[in-house]
1. Would you confirm, using the coordinates I've provided, whether PHE211 is over 26 Å from ILE70 (Cα atoms) and surrounded by fewer than 15 Cβ atoms within 10 Å (Cβ to Cβ)?
2. Kindly indicate the residue of segment 109-133 that is small (Gly, Ala, Ser) and in a loop (DSSP other than H, G, I, E, B) and also nearest to the ligand (Cβ to nearest atom) among those meeting that condition.
3. Within segment 108-119, can one find any residue that is open to solvent by 70 Å² or more (accessible area, probe 1.4 Å), in contact (Cβ under 8 Å) with a residue 60 or more places away in the chain and within 23 Å of the chain's Cα centre (by Cα)?
4. Would you mind telling me which numbered condition in (1) open to solvent by 50 Å² or more (accessible area, probe 1.4 Å); (2) assigned to a helix (DSSP H, G or I); (3) farther than 27 Å from LEU110 by Cβ; (4) of a type outside the set (Asp, Glu) ILE41 fails?
5. Looking at (1) open to solvent by 30 Å² or more (accessible area, probe 1.4 Å); (2) within 8 Å of the ligand (Cβ to nearest atom), can you tell me which one PHE86 breaks?
6. Six or more apart or on different chains, Cβ atoms under 8 Å: show the pairs whose first residue is in segment 145-170 and aromatic (Phe, Trp, Tyr) and whose second is not in a loop (DSSP other than H, G, I, E, B).
7. Looking at the structure I just gave you, is SER58 crowded, with 17+ Cβ neighbours inside 10 Å, closer than 30 Å to TRP126 by Cβ and either in contact (Cβ under 8 Å) with a residue 24 or more places away in the chain or more than 21 Å from the chain's Cα centre (by Cα) (or both)?
8. For TRP96, indicate whether it is surrounded by 14 or more Cβ atoms within 10 Å (Cβ to Cβ) and away from the ligand (no atom under 16 Å from the Cβ).
Amino acid sequence: MLRSMYEWLDRRLDITPLWRDVADHEVPEHVNPAHHFSAFIYCFGGLTFFIVVIQILSGMFLALYYVPDIVNAHASVKYLQTEVAFGSIVRGMHHWGASVAIVMLFLHTLRVFFTGAYKNPREFNWVIGMLIFFVMLGLGFTGYLLPWDNKAYFATKVGVQIAASVPFIGPYIATFLQGGDIVGAQTLARFFALHVFFLPAVLLALLGAHFLLIRRQGISGPL
Ligand code: HEM
């Protein structure tokens with residue numbers, strides 16, 4: 001039954017080459033932990049991606065309940081946490097996933113750095129990776145404010161003050177982040193939009209470029 005459905009689709013859309021291209025792609029020996037145990041360091045990029053997928057899926061479910069305004073934000077998170085079935089689990093996944101993602105990202109970056117994988121011809125992918133790094137930090141920073149409790153509020157104030165201390169353009173960055181002179185209603189709306197629309201869109205585009213380049217250039221050779 002499944003087979004004939006597949007063949008029906010394949011005759012019309014020629015889908016076999018699409019997955020064959022991935023399935024037949026050979027992984028070089030030096031990145032295979034079955035051959036050399038130390039090759040496990042090559043898993044961190046894939047693990048980072050795995051966490052990113054978890055963050056997107058759990059975040060989509062959080063968005064079903066979260067209300068992005070200063071009157072209701074905190075109550076909506078509390079409701080999700082205490083009343084909604086599996087709400088605390090999904091929120092916990094998103095909360096802990098945010099930290100695990102940064103740890104995996106860091107380990108991946110260390111692997112790329114210490115195997116010299118950023119060198120010619122992979123400079124572009126290193127730069128794309130750097131941009132991804134800032135976007136991931138931005139996701140962490142904007143997400144932290146959303147529960148709108150004391151910790152979120154004051155952490156954001158500190159973060160904005162750090163940005164404000166940048167020479168010359170600092171005050172402009174602070175006004176841009178806050179959406180005004182204080183951390184308030186505009187800031188929450190802004191951080192919400194950045195957290196769920198702008199930054200994820202940029203992240204997905206950058207990851208698409210990251211993976212395309214990896215496929216095109218292959219993984220860097222053994223040391
Ligand atoms: C969400 C973030 C990221 C994801 C999901 C990701 C994913 C991956 C994956 C799956 C690979 C294949 C090899 C491996 O897994 O080690 C890879 C390779 C690579 N990544 Fe990332 N990456 C991310 C961020 C970064 C960052 C922050 C940098 C550096 C600043 C970076 C630089 C590179 C480079 C240069 C390669 C090619 C390595 C080689 O050919 O040996 N990536 N990435």
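1. On the way: over 26 Å from ILE70 (Cα atoms): yes; surrounded by fewer than 15 Cβ atoms within 10 Å (Cβ to Cβ): yes.
The answer is yes for PHE211.
2. Taking segment 109-133 and keeping what is small (Gly, Ala, Ser), we get 116-117, 129.
The next check asks that each one be in a loop (DSSP other than H, G, I, E, B); those that pass are 116-117.
Details: GLY116: 9, ALA117: 3 Å.
Checked segment 109-133; the qualifying residue nearest to the ligand (Cβ to nearest atom) is ALA117.
3. No, because not a single residue in segment 108-119 is open to solvent by 70 Å² or more (accessible area, probe 1.4 Å), in contact (Cβ under 8 Å) with a residue 60 or more places away in the chain and within 23 Å of the chain's Cα centre (by Cα).
4. In the conditions (1) open to solvent by 50 Å² or more (accessible area, probe 1.4 Å); (2) assigned to a helix (DSSP H, G or I); (3) farther than 27 Å from LEU110 by Cβ; (4) of a type outside the set (Asp, Glu), ILE41 misses (3) alone.
5. With respect to (1) open to solvent by 30 Å² or more (accessible area, probe 1.4 Å); (2) within 8 Å of the ligand (Cβ to nearest atom), PHE86 is out only on (2).
6. TRP148/ALA73; TRP148/HIS74; TRP148/VAL77; TRP148/LEU188; TYR153/LEU145
7. Numbers: crowded, with 17+ Cβ neighbours inside 10 Å: yes; closer than 30 Å to TRP126 by Cβ: yes; either in contact (Cβ under 8 Å) with a residue 24 or more places away in the chain or more than 21 Å from the chain's Cα centre (by Cα) (or both): yes.
So SER58 fits the description; yes.
8. Values: surrounded by 14 or more Cβ atoms within 10 Å (Cβ to Cβ): no; away from the ligand (no atom under 16 Å from the Cβ): yes.
So TRP96 fails the test.
The values are calculated or read from the model by the stated rules, or taken from the named source; none is laboratory data. No experiment lies behind these values; they were computed from the predicted model shown. Cβ coordinates were reconstructed from backbone atoms using ideal geometry, including for glycine residues, and neighbour counts include every protein chain displayed. Just the protein is used for accessible areas: all its heavy atoms, side chains included, with ligands, DNA and RNA removed. Shrake-Rupley method; radii C 1.70, N 1.55, O 1.52, S 1.80 Å.
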